[in-house]
Structures are given as structure tokens and as C-alpha cells.
Amino acid sequence: MTPLIEAVDLVREYTMGEETVRALDELTLRLDGGQFVSVVGPSGAGKSTLLHVIGALDVADSGRIVVDGADLGAMSDDEQSEFRRRKIGFIFQFFNLVPTMSAWENVALPRLLDGQSLRGSRSDALALLERVGLGNRADHRPSELSGGQMQRVAVARSLVMDPRIVLADEPTGNLDSATGAAILELLRDVAHDDATRLVLMVTHDTSAAQYADRTITVRDGRIA
Ligand SMILES: Nc1ncnc2c1ncn2[C@@H]1O[C@H](COP(=O)(O)OP(=O)(O)OP(=O)(O)O)[C@@H](O)[C@H]1O
Ligand SMILES: [Mg+2]
């Protein structure tokens with residue numbers, strides 16, 4: 001069976017003035033769907049870079065990466081943004097919600113960016129808010145929600161396009177440990193709900209390993 005993610009010898013270098021940093025150094029990785037995978041490793045190891053390359057937010061300089069059958073190296077800019085919209089859900093440390101929109105509008109936003117109407121996506125957005133335990137907060141603005149609730153909205157938003165892969169970079173980094181544990185449980189359930197969906201999470205949270213099906217360590221731009 002073809003893995004959901006197949007990365008072979010990925011290299012990503014950043015040049016700043018005279019200095020070149022090899023963020024990914026011939027990294028090779030294969031991952032199947034239906035699981036919750038955590039990515040750990042020291043600061044600067046290349047974890048965020050790896051997530052960005054998998055999500056087509058960044059492009060590798062060399063190597064090969066195929067995600068859900070799509071060769072990311074061979075895509076035009078337009079194809080990359082369509083891939084991001086349709087195949088990937090993103091969750092960030094600081095939630096990245098639109099402050100002027102209600103919870104349900106934030107959840108529906110990726111549909112709007114995909115050319116669909118916000119109104120027409122309302123019932124799906126409400127169902128997802130129910131799914132993350134926020135059915136009674138649909139009309140609240142982000143400023144009227146707690147940090148844990150904002151991250152639940154972000155989890156719901158990451159699912160609204162029914163993506164194959166959810167990428168989360170430090171999703172509990174801004175939450176207390178009990179609130180963070182609830183988010184980890186939710187992400188695990190999101191991965192297990194759908195036999196083909198992968199949730200890939202970068203974390204420094206030492207309790208994350210107990211929720212993940214698999215933990216991979218990145219060190220010096222490679223899988224350790
Ligand atoms: N846009 C960029 N321009 C220049 N250098 C970068 C850029 N992004 C990342 N780097 C460098 O690439 C290396 C890997 O960075 P990356 O953000 O992937 O690390 P990380 O493992 O996510 O670290 P952290 O745990 O601190 O978030 C670092 O040395 C970083 O300074
Ligand atoms: Mg990082």
C-alpha cells in the first residue's frame with residue numbers, strides 16, 4: 001500500500017547572508033493514515049520546517065515528497081494552494097482565529113476561501129463545533145472564548161474541508177496542562193475517527209507521547 005506521506009531525502013536550506021542553515025538534511029519518512037503521530041526534538045531541529053514542507057507552505061530544495069498521491073515538487077503555485085485548501089488542515093500555537101468573526105464563521109472560513117458561501121457552510125460548521133464540545137459557543141467571538149475553547153475552534157476549522165492530513169504545530173504550547181490534555185485527546189479522536197486521516201503534531205509537551213500512536217524524533221534535520 002502506498003503510504004499517505006512518502007518523503008525521501010528531503011533537503012531544505014535557508015541562506016541568511018553568508019550563512020546557510022540546513023533545516024532538513026536528507027530526511028526520509030513514510031507515514032500511513034488513521035493515526036496520531038507526534039513529532040519531537042530539540043529547538044531548531046527542523047520540526048516546523050518538516051510540517052511546512054508536508055503542508056506545501058514551503059518547498060524542499062531537493063528530494064521527493066508525495067502526499068496522498070500528489071508529488072509536491074511538481075506542482076505549480078496554484079496547485080499548491082489548492083492542495084493546501086483541500087487536503088490539509090492547519091492548527092497553530094496561537095490559534096490564528098479571525099477576531100471579528102464568530103466561532104462558527106471562523107470554522108467555515110476555509111470554505112469561503114474555497115469559493116463557497118459562509119452561510120451555506122453554517123450547518124457543517126455548527127456540527128463541527130458540537131464535535132469539539134462547543135455547540136453552545138457558536139456565536140461567540142474569539143475574545144469571548146478561553147484559550148482552550150479557541151484551540152477547539154481551530155481544531156473544528158482544520159476539519160471543515162475534510163482534509164486527509166491535519167498538521168498541528170505546538171497546539172498545546174499556549175495552554176495549561178489540563179486544557180492541553182483535553183486538546184491532545186481531541187486530536188487523537190480526530191485521527192481515529194477516520195481510518196485514512198493522519199494527525200501530525202509537533203510538540204514539546206512531554207505528556208503528548210501517551211496520547212500519540214507513534215512518536216518520531218527529528219534531530220539535525222533528520223529522523224533520529
Ligand atoms: N524562514 C527561515 N529563514 C531562515 N532560517 C530558517 C527559516 N525557518 C527556519 N530556519 C532555520 O532552520 C532551522 C530549523 O528551524 P525549525 O523552525 O524547523 O525548527 P523547530 O524544530 O521547529 O524548532 P522549535 O522547536 O524551536 O520550533 C533553524 O536553525 C532555523 O533557524
Ligand atoms: Mg518549530
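Structural remarks
- Residues of the stretch 202-221 satisfying the condition of being in a strand (DSSP E or B) and within 12 Å of ligand 1 (Cβ to nearest atom): V202, T217, V218, R219
- Single residue of R119, R86, R141, R157 found to be charged (D, E, K, R) and buried (at least 20 other Cβ atoms within 10 Å of the Cβ): R157
- Close pairs from the stretch 209-224: first at pLDDT 95 or above, partner among the aromatic types (F, W, Y), Cβ under 6 Å, at least 6 apart: A212/F36; D213/F36
- Checked against the criterion of being more than 16 Å from ligand 2 (Cβ to nearest atom), within 30 Å of V8 (Cβ to Cβ) and not hydroxyl-bearing (S, T, Y), the stretch 130-137 has no qualifying residue.
- Considered as a group, the residues in the stretch 183-201 that are in a helix (DSSP H, G or I) and surrounded by fewer than 19 Cβ atoms within 10 Å (Cβ to Cβ) include one that is nearest to ligand 2 (Cβ to nearest atom), and that residue is E185.
- Once the stretch 168-182 is narrowed to residues that are more than 16 Å from ligand 2 (Cβ to nearest atom) and of a type in the set (S, T, N, Q), the residue that is surrounded by the fewest Cβ atoms within 10 Å (Cβ to Cβ) is S177.
- Within the stretch 44-64, the set of residues being more than 13 Å from ligand 2 (Cβ to nearest atom), on the phi > 0 side of the Ramachandran plot and out of contact with any helix residue (DSSP H, G or I) (no Cβ under 7 Å at 6 or more places or on another chain) comprises G63 only.
- Residue in the stretch 167-185 that is touching a Leu at 6+ places or on another chain (Cβ under 7 Å), among the aliphatic types (A, V, I, L, M) and closer than 29 Å to E26 by Cα present: yes
- Here V8 passes the criteria (1) over 18 Å from A224 (Cβ atoms); (2) in a strand (DSSP E or B) except the one numbered (1).
- In this structure, G63 does satisfy being within 16 Å of ligand 1 (Cβ to nearest atom), buried (at least 16 other Cβ atoms within 10 Å of the Cβ) and over 19 Å from the mean Cα position of the chain (by Cα).
- Selection within the stretch 66-83 - within 16 Å of the chain's Cα centre (by Cα) and either within 19 Å of V11 (Cα to Cα) or surrounded by 16 or more Cβ atoms within 10 Å (Cβ to Cβ) (or both): V67, D68, Q80, F83
- When residues of the stretch 26-43 are limited to those that are under 15 Å from the mean Cα position of the chain (by Cα) and modelled with pLDDT of 95 or more, the one nearest to ligand 2 (Cβ to nearest atom): V39
The values are calculated or read from the model by the stated rules, or taken from the named source; none is laboratory data. Quick caveat, the model's predicted, so the values are computed rather than measured. Positions of Cβ are backbone-derived with ideal geometry, glycine not excepted, and every protein chain shown enters the neighbour counts.
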